[in-house]
Amino acid sequence: MDKERSMEFFERAFSSKTNGCYRHCACGVIHFDVSLENNWTWEKGELEELIEHSKREPLKYIQRDGSVSTLIIKNDEYVIGCICKSIEKTKSFIDMDRIKIIDYLNRDLQERIKEEERINDRLKTQLRHVRDLKENPKEEESPEEFL
Ligand SMILES: [Zn+2]
């Protein structure tokens, strides 16, 4: 698969489903759209202030030519195209250790399925007892004992 298409799938899977004129990457870098094509509603002087910040700290305030999109990875929001390359590093880890990750997820899933089946079996047994008690009530036993 070509790299671009692979990244497209990755971005789709981890997308925050938001984009906008301003996003704060989890690494601390701020990205903002200076193009006028998206007709963003900036507060008065807000864009100018960001541009000033980017002149003083160009690696912390990054001007973008378009809307800023993000991904959610490990519950943190990362900006697509950020200089921290966190997105690329995470994708690379997943791609390079794909077989190990699949093996881990398969084993984890099998264990979870077994656990669900044990719980389900226990609930069926309890339900059977409750039904039996309803059909043949005994004064000394109450259904709560089985719950
Ligand atoms: Zn970043």
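Could you please let me know if residue 39 is under 19 Å from residue 83 (Cβ atoms), assigned by TED's automatic domain parsing to the domain that holds residue 59 and modelled with pLDDT under 95?
Details: under 19 Å from residue 83 (Cβ atoms): no; assigned by TED's automatic domain parsing to the domain that holds residue 59: yes; modelled with pLDDT under 95: yes.
It is false that residue 39 is under 19 Å from residue 83 (Cβ atoms), assigned by TED's automatic domain parsing to the domain that holds residue 59 and modelled with pLDDT under 95.
Which ones in the stretch 73-93 are within 12 Å of the ligand (Cβ to nearest atom) and of a type in the set (Phe, Trp, Tyr)?
So the first thing to find is which residues in the stretch 73-93 are within 12 Å of the ligand (Cβ to nearest atom), and the list is 73, 76-90.
The answer is 78, and nothing else.
Considering only residues that are more than 11 Å from the ligand (Cβ to nearest atom) and under 17 Å from residue 90 (Cα atoms), look in the stretch 22-72 and name the one that is surrounded by the fewest Cβ atoms within 10 Å (Cβ to Cβ).
Ranking the candidates gives 72 first.
Suppose we filter 119, 72, 80 for residues that are at pLDDT 95 or above, among the hydrophobic types (A, V, I, L, M, F, W, C) and out of contact with any Ser or Thr (no Cβ under 6 Å at 6 or more places or on another chain); which single one remains? Walk me through how you get there before you give the answer.
Values: 72 fails: out of contact with any Ser or Thr (no Cβ under 6 Å at 6 or more places or on another chain); 80 fails: out of contact with any Ser or Thr (no Cβ under 6 Å at 6 or more places or on another chain).
Being at pLDDT 95 or above, among the hydrophobic types (A, V, I, L, M, F, W, C) and out of contact with any Ser or Thr (no Cβ under 6 Å at 6 or more places or on another chain) holds for just one of 119, 72, 80, which is 119.
Determine whether residue 111 is in the same structural domain as residue 15 (by TED's automatic domain parsing) and either among the acidic types (Asp, Glu) or within 30 Å of residue 15 (Cβ to Cβ) (or both).
Details: in the same structural domain as residue 15 (by TED's automatic domain parsing): no; either among the acidic types (Asp, Glu) or within 30 Å of residue 15 (Cβ to Cβ) (or both): yes.
So residue 111 does not fit the description; no.
The values are calculated or read from the model by the stated rules, or taken from the named source; none is laboratory data. Since this is a predicted model, take the numbers as computed values, not measurements. When we count neighbours, we look across all protein chains shown, and the Cβ atoms used for this are built from the backbone with ideal geometry, even at glycine.
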